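The values are calculated or read from the model by the stated rules, or taken from the named source; none is laboratory data. It should be emphasised that the depicted structure is a prediction, and the values quoted were computed from it without experimental measurement. In this analysis, Cβ positions are derived from the backbone assuming ideal geometry, glycine residues included, and neighbour counts consider all displayed protein chains.
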Ligand code: AMP
């Protein structure tokens, strides 16, 4: 009997966590989803949710999981309990989220030793993310050396940015020597959401100009012209751009000299300050937009100021990218805040009527998992909410690369 290999396991390996989803590509359905967190600590936790009929509910396991190898073995065991093990002939490939692909990787790429070496070479520009991604890849290759493994890069969608958008105005030799330029992140989400937005408008991606606002705990904006990214708000690292949950986004770089000279802070302390103790959390003590909106409703002034700073930055990027694109067919909100916080969407376009931007209050209040238009009928620029799905995008890109060549005997 011949079975078709039509499933893809998507792995998102962080420094102390692994998130995973097993997808069936014939209908884009999820067969299982899960998460291993606090890897290396005594109280590691694996939460596995099978989604196939009759498989039962969520299963949870706590106790030390020493490293990524043990974590992936535990994931493989859980999948095997549902008859979905890594050795199943239906598994076509494993798709890995890789944060930094530099300039070299503009497409999803089948992983071999050369690709691994290149991802390793990029560690200096992504010291927090690429090492964890590499560990995940190496472990998955040990478990299934025969299976195609594909890297899908967060930076890939942004490699189309023109030089004048990607370069910082600093000394060219220094920039080139240290590969300092704007790479952008969240590319998988921006690619997926901009394509879905074109479909929502009934157009081909090549026909539309879109501003995508990916507002999660991390946040970034992208200007997408005819399906190609022409600018994005994150830069060399994910620190640049919008105000985020714990990251400052844009600041005068001289703030860092000042903190060194005047406050005596070390580079590592400043790194921690700007990445982990700034943004909404630094401004008001909370990084969760739900909590901030609750506090704003109660009249809390610190939360109000944090919200206003967040919205002001967002407006500046909408304005900037409107100028970059010239004609804007849609402004689209996505990710945790963008999909759920009607108040953020309303405030971000408030007063932008003269630019053709407005939201309809009733449409904006609707809660749904579906892509939807929230601007009034006939608006010059459509405002929309399009839920992102990075795992599906990674699975689709992976499958497109390797799926059709994998028909196996079972
Ligand atoms: P993400 O990084 O895309 O998972 O987004 C996570 C963030 O989304 C959280 O930190 C919250 O700030 C935000 N979020 C999630 N649900 C809601 C909601 N119902 N209202 C407002 N913000 C939300």
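Among the residues making up segment 307-340, a single one is farther than 17 Å from residue 212 by Cα and within 12 Å of the ligand (Cβ to nearest atom): 307. The requirement of being within 16 Å of the ligand (Cβ to nearest atom), without any contact (Cβ under 8 Å) to a residue 12 or more places away in the chain and either at positive phi or buried (at least 16 other Cβ atoms within 10 Å of the Cβ) (or both) is satisfied by residue 295.
Looking at this structure, is residue 94 touching a helix residue (DSSP H, G or I) at 6+ places or on another chain (Cβ under 6 Å) and in a loop (DSSP other than H, G, I, E, B)? Steps first, please.
Working: touching a helix residue (DSSP H, G or I) at 6+ places or on another chain (Cβ under 6 Å): yes; in a loop (DSSP other than H, G, I, E, B): no.
For residue 94, the condition - touching a helix residue (DSSP H, G or I) at 6+ places or on another chain (Cβ under 6 Å) and in a loop (DSSP other than H, G, I, E, B) - is not met.
Among the residues of segment 53-66, are any assigned to a strand (DSSP E or B) and under 22 Å from residue 149 (Cβ atoms)? Break it down stepwise before answering.
Residues of segment 53-66 that are assigned to a strand (DSSP E or B), as a first pass: 59-62.
Next, only the ones that are under 22 Å from residue 149 (Cβ atoms) stay: none.
For segment 53-66, residues assigned to a strand (DSSP E or B) and under 22 Å from residue 149 (Cβ atoms): absent.
If you go through segment 1-15 and keep only what is surrounded by fewer than 16 Cβ atoms within 10 Å (Cβ to Cβ) and in contact with a strand residue (DSSP E or B) (Cβ under 7 Å, 6 or more places away or on another chain), you end up with 2, 3. Look at residue 21 and say whether it is surrounded by fewer than 22 Cβ atoms within 10 Å (Cβ to Cβ) and either assigned to a strand (DSSP E or B) or free of Cβ contacts under 8 Å to residues at least 40 places away in the same chain (or both). Spelling it out, it is not the case that residue 21 is surrounded by fewer than 22 Cβ atoms within 10 Å (Cβ to Cβ) and either assigned to a strand (DSSP E or B) or free of Cβ contacts under 8 Å to residues at least 40 places away in the same chain (or both).
Among the residues of segment 274-288, those identified as assigned to a helix (DSSP H, G or I) and either touching a residue at least 24 places away in the same chain (Cβ under 8 Å) or under 17 Å from residue 186 (Cα atoms) (or both) are 274, 275, 276, 279, 280, 281, 282, 283. A single member of 348, 343, 400 is more than 16 Å from the ligand (Cβ to nearest atom), out of contact with any strand residue (DSSP E or B) (no Cβ under 6 Å at 6 or more places or on another chain) and assigned to a helix (DSSP H, G or I), and it is 400. Filtered by the rule that a residue be closer than 24 Å to residue 302 by Cα, in contact with a helix residue (DSSP H, G or I) (Cβ under 9 Å, 6 or more places away or on another chain) and touching a residue at least 24 places away in the same chain (Cβ under 8 Å), segment 228-272 gives 239, 241, 242, 243, 244, 245, 246, 247, 248, 249, 250. Among the residues of segment 249-272, those that are surrounded by 13 or more Cβ atoms within 10 Å (Cβ to Cβ) and over 28 Å from residue 314 (Cβ atoms) comprise 260, 265, 269. Among the residues of segment 351-394, write down those that are part of a loop (DSSP other than H, G, I, E, B), under 23 Å from the mean Cα position of the chain (by Cα) and surrounded by fewer than 20 Cβ atoms within 10 Å (Cβ to Cβ). Selection gives 367, 368, 369, 370, 371, 387, 389. Scanning segment 94-104 for residues that are modelled with pLDDT of 95 or more and surrounded by fewer than 24 Cβ atoms within 10 Å (Cβ to Cβ) yields a count of 1.
Residues in segment 270-292 that are over 20 Å from the mean Cα position of the chain (by Cα) and away from the ligand (no atom under 14 Å from the Cβ) were compared, and the one that is farthest from residue 341 (Cα to Cα) is 270. Screening segment 151-269 for helices (runs of 4 or more DSSP H) wholly inside it with 3 or more residues that are within 16 Å of the ligand (Cβ to nearest atom), under 23 Å from residue 370 (Cα atoms) and at pLDDT 95 or above returns the ranges 187-200.
Selection of segment 9-18 for residues being out of contact with any helix residue (DSSP H, G or I) (no Cβ under 7 Å at 6 or more places or on another chain), assigned to a strand (DSSP E or B) and modelled with pLDDT under 95 yields only 12.
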